[in-house]
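Right, one structure below, let's go through it.
Any read-out appearing in this document is the output of simple, stated calculations on the displayed coordinates, not a laboratory observation. Computed from a predicted model, the values in this text were never measured in an experiment. Because the Cβ atoms are built from the backbone with ideal geometry, glycine has one as well, and the counts that use them run over all protein chains shown.
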Amino acid sequence: MSRIPTRYAIVALLVFAAACGKKPPVAPPPAAPQPFPTADTSGTKPPAPPARPADTPVTSRDPVVTSSATDPYAGKAPDDINKDSPLKPVFFQLDSDQLDELARQTLTEDAEVLKKYANWVITIEGHCDERGTAEYNLALGDRRAIAARGFLISLGINADRLRTVSYGKEFPFDPAQSEAAFAKNRRAHFTVTATSEPR
């Protein structure tokens, strides 16, 4: 009977020794805290941004301004402009207000000049030869001026820049009594009557 407690005591010691022999797992040490960034006192600077490539075109949104040195009419009054006759007249057949092929070609060239000098305001004068009554020729001259004006408008010239007037047979360009003189007087004549700032 005395051996049973001894056996129990031995078994208990063995169990206790086995339990004490197992070590609990060791946790890894915590990582060292990172230092806060401080101002760089070493004298070095951050890298500069990449430079623009040399072949990159640089564009400007500023409008191109034409030098007045290239404009022969810059600063001139209308009378001085008209001395050079930059706009060519168109001619008509007897008793006609119809624009023939030559007249349309001349008006096309005049339209290019008017587009170049967009600040010009012009008057289109309708003229006739001396045959016929004053009333008839005033009406015919008016139709001739209106025909030229309408064609210029169809070519893109602003109607606000185009005035018309009829002089009928009152101011002939050639007073001679000949067919050649009469042909010169049947015309729509252009004069620059004002200059303004282009819109």
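In this structure, Asn82 and Leu155 have a Cβ-Cβ separation that, at R0 = 22 Å, corresponds to a calculated FRET efficiency of about 0.55.
Within the stretch 89-161, the trypsin sites (Lys or Arg not before Pro) that combine a DSSP coil assignment with at most 15 other C-beta atoms in a 10 angstrom radius are Arg131. Over all other residues within a Cβ to Cβ distance under 15 Å of Ala139, the charged ones net out to -2, with Lys and Arg as +1 and Asp and Glu as -1.
Available extension along the chain between Asp71 and Ser96 is 5.3 nm, counting 0.36 nm per residue and deducting the alpha carbon span.
Quick one: if the Förster radius is 25 Å, what FRET efficiency do Gln105 and Glu179 give, using the C-beta to C-beta distance and rounding to 0.05? The computed FRET efficiency comes out at 0.65. Number of Lys-Lys pairs in the stretch 76-177 under 21 Å by Cα, sequence gap 8 or more or different chains? Lysine pairs meeting the criterion: 8. Which of the three applies to the stretch 76-177, rounded, prolate or oblate, going by the alpha-carbon gyration tensor with a ≥ b ≥ c and a/c under 1.5 meaning rounded? Judged from the Cα gyration tensor, the stretch 76-177 comes out prolate (a/c at least 1.5, a/b above b/c).
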